[in-house]
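*Asks:* Handing you this structure, nothing more for now.
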Amino acid sequence: MTDPAPTIIRPLQAADQADWHKLWTGYLTFYGSTVADDVYTSTFARLLGDDEQDYHCLIAEQDSKPVGLVHYLFHRHCWRIENVCYLQDLYADPTVRGQGVGRKLIEAVYAAADTAGAPSVYWLTQDDNQTGRQLYDRVGQLTNFIKYQRPA
């Protein structure tokens with residue numbers, strides 16, 4: 001078995017649109033979800049924008065090919081003076097899972113949060129996402145919060 005290619009984490013670029021679309025579709029499919037084409041267009045434009053209120057995106061790349069992504073956002077918090085960081089979407093292509101791509105993306109978000117002075121990074125996952133939770137248990141701390149949302 002050969003060693004995996006080194007993973008490079010870098011900001012999203014305009015030229016990544018097709019690869020980003022494929023990766024984000026994989027993420028949405030994993031969670032049994034879809035979005036309309038105008039949501040893809042709007043989200044991609046926001047990710048490339050310069051509004052600090054919008055989400056940010058980092059791409060994991062191996063052999064110059066995008067193989068993973070992470071979306072994250074800084075926002076105010078009533079219990080802190082500093083902003084906190086919400087990691088919304090994390091995805092590694094199934095062909096590279098187990099190679100540390102997810103960990104490197106999370107660590108890159110941690111570094112971005114440190115640079116921005118955000119002392120907290122948090123995320124959600126489904127309780128049955130056992131593969132993801134194996135990683136999350138190593139790089140994060142499980143809390144006892146339960147998510148509620150407005151009924152559809």
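This table checks each residue for (1) assigned to a loop (DSSP other than H, G, I, E, B); (2) surrounded by 19 or more Cβ atoms within 10 Å (Cβ to Cβ); (3) without any contact (Cβ under 8 Å) to a residue 60 or more places away in the chain.
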{"position": "S33", "(1), (2), (3)": "yes, no, yes"}
{"position": "S42", "(1), (2), (3)": "no, no, yes"}
{"position": "Q53", "(1), (2), (3)": "yes, no, yes"}
{"position": "C85", "(1), (2), (3)": "no, yes, yes"}
{"position": "Y91", "(1), (2), (3)": "no, yes, no"}
{"position": "G98", "(1), (2), (3)": "yes, no, yes"}
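*Asks:* So which residues in segment 55-69 are within 24 Å of P4 (Cα to Cα) and open to solvent by 40 Å² or more (accessible area, probe 1.4 Å)? Outline the logic, then answer.
*Replies:* Looking only at segment 55-69, we keep the residues that are within 24 Å of P4 (Cα to Cα), and these are 57-69.
Selection gives D63, S64, K65.
*Asks:* Quickly run through segment 104-130 and pick out the residues that are free of Cβ contacts under 8 Å to residues at least 40 places away in the same chain, surrounded by 12 or more Cβ atoms within 10 Å (Cβ to Cβ) and of a type in the set (V, I, T).
*Replies:* Passing the criteria: I106, T125.
*Asks:* To continue, here is another question. Of (1) outside any helix (DSSP H, G or I); (2) aromatic (F, W, Y); (3) open to solvent by 30 Å² or more (accessible area, probe 1.4 Å), Y72 satisfies all except one. Which?
*Replies:* Checking Y72 against (1) outside any helix (DSSP H, G or I); (2) aromatic (F, W, Y); (3) open to solvent by 30 Å² or more (accessible area, probe 1.4 Å), the one that fails is (3).
*Asks:* Further question on the same structure: So, in segment 64-111, exactly how many residues are among the acidic types (D, E) and touching a helix residue (DSSP H, G or I) at 6+ places or on another chain (Cβ under 6 Å)? Please lay out each step first, then the result.
*Replies:* To start, the set of residues in segment 64-111 that are among the acidic types (D, E) comprises 82, 89, 93, 107.
Add one more test, that the residue is touching a helix residue (DSSP H, G or I) at 6+ places or on another chain (Cβ under 6 Å), and what stays is 89.
Summing the residues that are among the acidic types (D, E) and touching a helix residue (DSSP H, G or I) at 6+ places or on another chain (Cβ under 6 Å) in segment 64-111 gives 1.
*Asks:* Turning to a different aspect of this structure: Determine the pairs where a residue that is within 16 Å of D89 (Cα to Cα), located within segment 4-26, has a partner that is of a type in the set (S, T, Y) and part of a helix (DSSP H, G or I) with Cβ atoms under 7 Å apart, the partner being 6 or more residues away or on another chain.
*Replies:* H21/Y40
The values are calculated or read from the model by the stated rules, or taken from the named source; none is laboratory data. None of these values were measured; they are calculated from a predicted model. Here Cβ is always computed from backbone atoms with ideal geometry, including for glycine, and neighbour counts include all displayed protein chains. Ligands, DNA and RNA are excluded from the accessible area calculation, which covers all protein heavy atoms including side chains. Shrake-Rupley method; radii C 1.70, N 1.55, O 1.52, S 1.80 Å.
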